[in-house]
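Remarks on the structure that follows.
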Amino acid sequence: MAASDTARDGGPRETLRLVVGRIGRAHGLRGEVSVEVRTDDPDLRFAPGAELETDPAERGPLTVAGGRVQSGRLLLSFEGVADRTAAEALRNTLLIIETDPDELPDDPEEFYDHQLVGLRVVTVDGLEVGAVAEMLHLPTQDVFAVRRPDGREALIPFVASIVPDVDLESGTVLVDPPPGLLELADPPERADRPGGPAQPDDPAQPESPTS
């Protein structure tokens, strides 16, 4: 979803709203919260002093006071959130940034999620697999969630041996899946992915540059 902004020349400019995280449970008694990360650049997006928009909007903006990683989870504290009660009130809040839609990751082999969602997925043999519905950022690797023509969902690891090419100009992702991978597609009602079921009413897209 795009939001209106002003360009340097005074004319209208569009900015893209990107989800960089979702607040989870409160941690401890001093206002810390766990965060489901949806960006590959958490050091930048969640640096102390970073200001984040929120959904619902009335819960923000939130300014990052500090952050640390514990047992593989990102824990953040925000200015003005001093105790567990205040932290619990933020649970399930989406953390959002606004960015230039033409901004690209520094690494040409990386892509933002919004660039990948909607691309056609085709095998090296020319078979149509479906379309990218979502990118999942798991602890071990990034994964394409691909909606098959029959409504099922296939999960395809984003690794070079399986995904040899992503062509944004043609709007295609070329895949060379090992035997049986596409047969593991889940039914449409699947809701056990990390972080819970997908939220169709999220106002913005996940940001993560994916490589």
Pick out the one residue from Ala154, Ala145, Ala87 that is surrounded by 12 or more Cβ atoms within 10 Å (Cβ to Cβ), out of contact with any helix residue (DSSP H, G or I) (no Cβ under 9 Å at 6 or more places or on another chain), in contact (Cβ under 8 Å) with a residue 24 or more places away in the chain and not assigned by TED's automatic domain parsing to the domain that holds Val33.
-> Ala145
Select from the range 67-79 the residues that are surrounded by fewer than 17 Cβ atoms within 10 Å (Cβ to Cβ) and either at pLDDT below 95 or closer than 26 Å to Glu134 by Cβ (or both) and write down the one among them that is nearest to the chain's Cα centre (by Cα).
-> Arg73
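Residue-wise test of (1) more than 22 Å from Arg22 (Cβ to Cβ); (2) within 21 Å of the chain's Cα centre (by Cα); (3) modelled with pLDDT of 90 or more.
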residue: Thr99; (1), (2), (3): no, yes, no
residue: Asp107; (1), (2), (3): yes, yes, no
residue: Tyr112; (1), (2), (3): no, yes, no
residue: Leu136; (1), (2), (3): no, yes, no
residue: Pro149; (1), (2), (3): yes, no, yes
residue: Leu184; (1), (2), (3): yes, no, no
residue: Pro187; (1), (2), (3): yes, no, no
When the range 77-89 is checked residue by residue, the ones that are small (Gly, Ala, Ser) and in a helix (DSSP H, G or I) are Ala86, Ala87
When you go through (1) surrounded by fewer than 18 Cβ atoms within 10 Å (Cβ to Cβ); (2) in contact with a strand residue (DSSP E or B) (Cβ under 8 Å, 6 or more places away or on another chain) one by one for Pro56, which number turns out not to apply?
-> (2)
Output the residues belonging to the range 23-76 that are part of a loop (DSSP other than H, G, I, E, B) and charged (D, E, K, R).
-> Arg30, Arg38, Asp40, Asp41
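The values are calculated or read from the model by the stated rules, or taken from the named source; none is laboratory data. Please read all numbers here as calculations on a predicted model, not as lab measurements. Positions of Cβ are backbone-derived with ideal geometry, glycine not excepted, and every protein chain shown enters the neighbour counts.
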